[in-house]
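Below: one structure, written as structure tokens.
The values are calculated or read from the model by the stated rules, or taken from the named source; none is laboratory data. Note that the structure is a prediction, hence the values are computed from the model and not measured. Note that each Cβ is placed from the backbone with ideal geometry, even for glycine, and that neighbours are counted across all protein chains shown. The accessibility values were calculated without ligands, DNA or RNA, using every heavy atom of the protein model including side chains. Shrake-Rupley method; radii C 1.70, N 1.55, O 1.52, S 1.80 Å.
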Amino acid sequence: ITEKKQINRILNEKDKQIEYLLEDLRIKNYKDNVTRLYNYQFAMDNLEASIKNYKEENIKFSALMIDIRDFRKLNLKYGTAVADKLLVDVGNCIIVNTRKIDFACRYSGGKFLIVYNDVDTDIAKILFDRLKKSLKKVIILDDGKEMHFNGAEIDYSGQSKEELIFELEEKIKKSKLLGPDMILQ
């Protein structure tokens, strides 16, 4: 009987180790390797959940897309190490400026998507302004060169996920025409 108990104990320990490793793998699967923000796929899945919550329970949310200006040129000029450091700094800034109920992801390259859940327009504006001020402090390269960004915000109003993303992309194009560090709301 003692031997049987010992085998069961070992099996239970191994089961717990497997559960831990699977959970760790699941978390890593949803994170961007550089920024520690969520990745694109996780964000799209959660954006669907936010849309569903809006439609079923009328829980409002706002989406913000930030684009580091000329990120590709920066990457080519300074190299991947400098570009990655900038991405890490921006990612950390976004993490600090989002609440537990929000989610943020590295959308692509130098673009980031942040979804502020359960907010009205006034609260969203405060959150966006706070993020913008924080970003201005961190988007500086080691040589002192200041980087710039553009952004777009939309209060969700019933459109599809694809329409929402398209609207954000179009607003970013317009914000770039207005100059650096503009976030269109």
Query raised in the report: Which numbered condition trips up R106, out of (1) under 26 Å from N33 (Cβ atoms); (2) in a helix (DSSP H, G or I)?
Result: (2)
Query raised in the report: When only residues in segment 163-185 that are basic (K, R) and farther than 16 Å from S62 by Cα count, which is least open to solvent (accessible area, probe 1.4 Å)?
Result: K176
Query - Hits in segment 73-105 (condition: of a type in the set (A, V, I, L, M), more than 27 Å from L47 (Cβ to Cβ) and loosely packed, with under 12 Cβ neighbours inside 10 Å) - result: L76, A81
Report task. Within segment 33-56, identify whether any single residue is within 20 Å of D102 (Cα to Cα), of a type outside the set (F, W, Y) and more than 20 Å from the chain's Cα centre (by Cα), and answer yes or no. Result -> yes
**Report entry** Those residues of segment 145-162 which are loosely packed, with under 13 Cβ neighbours inside 10 Å and over 19 Å from N117 (Cβ atoms), in sequence order
**Finding:** K145, E146, E162
Report summary line: Sole miss for K133 among (1) open to solvent by 40 Å² or more (accessible area, probe 1.4 Å); (2) in contact with a Phe, Trp or Tyr (Cβ under 8 Å, 6 or more places away or on another chain); (3) not hydrophobic (A, V, I, L, M, F, W, C) is condition (2)
Report summary line: Of (1) open to solvent by 90 Å² or more (accessible area, probe 1.4 Å); (2) in contact with an Asp or Glu (Cβ under 9 Å, 6 or more places away or on another chain), A63 satisfies every one except (1)
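Conditions (1) over 27 Å from L86 (Cβ atoms); (2) touching a residue at least 12 places away in the same chain (Cβ under 8 Å); (3) exposed (fewer than 10 other Cβ atoms within 10 Å of the Cβ), marked per residue:
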{"site": "K14", "(1), (2), (3)": "yes, no, no"}
{"site": "Q17", "(1), (2), (3)": "yes, no, no"}
{"site": "E23", "(1), (2), (3)": "yes, no, no"}
{"site": "N29", "(1), (2), (3)": "no, no, no"}
{"site": "D32", "(1), (2), (3)": "no, yes, no"}
{"site": "R36", "(1), (2), (3)": "no, yes, no"}
{"site": "Y40", "(1), (2), (3)": "no, yes, no"}
{"site": "A43", "(1), (2), (3)": "no, yes, no"}
{"site": "K52", "(1), (2), (3)": "yes, no, no"}
**Report entry** Subset tally (residues that are under 22 Å from N92 (Cβ atoms), in contact (Cβ under 8 Å) with a residue 24 or more places away in the chain and part of a loop (DSSP other than H, G, I, E, B)) for segment 138-185
**Finding:** 7
Query - Selected residue (only one of I123, I94, I114 is without any contact (Cβ under 8 Å) to a residue 24 or more places away in the chain and out of contact with any Gly (no Cβ under 7 Å at 6 or more places or on another chain)) - result: I123
